[in-house]
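Since the structure comes first, as structure tokens, the remarks are kept for the end.
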Amino acid sequence: MDIILVPGFWLDASSWSPVTPALVAAGHRVHPLTLPGLESVDASRAGIGLRDHIDAVVAVIDSLPDRVVLVGHSGGGAIIHGAVDARPDRVLRAIYVDSGPLAEGGVINDALPAIGDDVPLPSWDVFEDESLVDLTDDLRAAFRARAIPEPRGVAQDAQHLHDERRYDVPATVITCEVPLSQLQTWIASGHPYVSELARIHDVDYVELPTGHWPQFTRPTELGAAILTAVQSH
């Protein structure tokens with residue numbers, strides 16, 4: 001099966017490297033993406049917005065002969081949901097890694113500090129303690145050394161969706177920093193944070209307790225969770 005892996009903010013395709021061996025060993029074809037503006041620290045991020053990242057994922061979907069599985073980490077969850085909306089008949093399953101589908105009109109995170117066209121990786125004290133669980137000093141240093149500024153438009157642009165068939169595409173949510181019980185409480189109470197997720201007809205939930213970057217803190221377990229979700233087809 002073709003598995004398209006979309007990284008979260010500040011990360012490129014190589015961020016999936018600790019996760020993909022289990023998928024490849026199981027015979028799947030992996031397509032980790034480096035999205036526009038994330039090619040290098042020196043790449044231009046001028047004019048790059050959320051739609052450009054969605055379109056980049058859609059282009060990969062269109063290049064493949066069969067239906068695909070999409071995996072999106074963090075802000076990549078909003079991106080893969082936009083791609084599901086654009087190609088609902090081409091996606092077998094969407095897997096959200098410590099993320100979820102972003103509803104119409106929502107933004108990924110317009111509170112992150114921007115410098116011109118760039119949103120650099122901020123200082124660690126910007127993040128909640130829950131996000132940083134298991135992210136050791138060495139992992140933090142390695143993350144910061146590889147971090148690439150996110151295009152400002154991707155963080156701040158509104159999501160625009162068009163095809164309600166997106167709710168027919170099965171989803172898996174791998175929840176890390178938020179306990180599954182909390183997520184279920186939000187869904188039951190109609191919390192706006194999960195309004196789009198609550199409308200998807202077929203959702204599986206997997207709890208992987210760690211911080212917001214399981215591809216660094218628990219990569220083997222994350223690979224196994226993705227593999228289990230993929231094998232449900």
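The values are calculated or read from the model by the stated rules, or taken from the named source; none is laboratory data. Keep in mind the model is a prediction, meaning the values are calculated, not measured. Glycine gets a Cβ as well: all are built from the backbone with ideal geometry, and neighbour counts include every protein chain shown. In case anyone asks, the SASA skips ligands and DNA or RNA and just uses the protein heavy atoms, side chains included. Shrake-Rupley method; radii C 1.70, N 1.55, O 1.52, S 1.80 Å.
If I stretch the segment between residue 62 and residue 228 completely, what's the gain in nm (0.36 nm per residue apart, minus their alpha carbon distance), one decimal?
Roughly 57.3 nm would be gained on extension.
Starting from the residue with the highest accessible area, list 119, 206 in decreasing order, probe 1.4 Å.
So the residues, ranked largest to smallest area, are 206, 119.
Sorting 163, 52, 129, 85 by accessible area (1.4 Å probe), largest first, what list results? Before the final figure, lay out the partial values.
On the way: 163 35, 52 70, 129 120, 85 10 Å².
Of 163, 52, 129, 85, the descending order of accessible area is 129, 52, 163, 85.
Quick check: with the 1.4 Å probe, what order do 71, 24 take by accessible area, largest first?
Result of the area sort, largest leading: 24, 71.
What number comes out for the charge environment of residue 108, summing +1 per Lys or Arg and -1 per Asp or Glu over other residues with Cβ under 10 Å away?
-3
So what is the 222 nm mean residue ellipticity for the chain from helices alone, if each DSSP H run of at least 4 adds -39500 (n - 2.57) and you divide by all residues, rounding to the nearest 500 deg cm²/dmol?
Helices in the chain give a 222 nm mean residue ellipticity of -8500 deg cm²/dmol.
Under a point spin-label approximation (7 Å from Cα along Cα-to-Cβ), what is the residue 160-residue 144 distance to one decimal in nm?
In this crude label model, residue 160 to residue 144 measures out at 3.9 nm.
Please report, in debye to the nearest 20, how large the charge dipole of the chain is about its Cα centre when each Lys and Arg carries +1 at its beta carbon and each Asp and Glu carries -1 there.
Computed about the Cα centre, the dipole is about 460 debye.
Determine how large the accessible area of residue 126 is when every protein chain is in place; take a 1.4 Å probe and give Å² rounded to the nearest 10.
For residue 126, solvent-accessible area is about 80 Å².
Give me the percent of the accessible area of the chain that comes from carbon and sulfur atoms, probe 1.4 Å, all protein chains in place.
Using a 1.4 Å probe with all protein chains present, the chain comes out at 51 percent carbon and sulfur.
So for the pair residue 107, residue 17, with labels modelled 7 Å out along Cα→Cβ, what separation do we get in nm?
Roughly 3.4 nm, to one decimal.
Given H placed on each backbone N at 1.01 Å, which residues far from residue 95 in sequence or on other chains put an amide H within less than 5 Å of it?
70, 71, 72, 172
Residue separation times 0.36 nm, minus the C-alpha to C-alpha distance between residue 123 and residue 204: what's the value? Write out the running numbers ahead of the final one.
Working: separation 81, 0.36 × 81 = 29.16 nm, distance 3.35 nm.
Value of the extension gain: 25.8 nm.
Taking a virtual spin label 7 Å from the Cα of residue 136 along the C-beta vector, which residues in the stretch 207-221 bring their backbone nitrogen under 18 Å of it?
Once the point is set 7 Å along Cα→Cβ of residue 136, 210-221 turn out to lie under 18 Å by backbone N, inside the stretch 207-221.
Based on Cβ point charges of +1 for Lys and Arg and -1 for Asp and Glu, what charge dipole magnitude is obtained for the stretch 14-62 about its Cα centre, in debye rounded to the nearest 20?
On the way: 3 positive and 5 negative charges, 30 e Å.
Here the size comes out at about 140 debye.
Report the Stokes-Einstein translational diffusion coefficient (µm² s⁻¹, integer) for the stretch 134-233, Rh taken as the Kirkwood radius over Cα pairs, at 10 °C with viscosity 1.306 mPa s.
In µm²/s, the coefficient rounds to 99.
In Å², and per residue, what accessible area does the chain have when probed at 1.4 Å with the other protein chains present?
42 Å²
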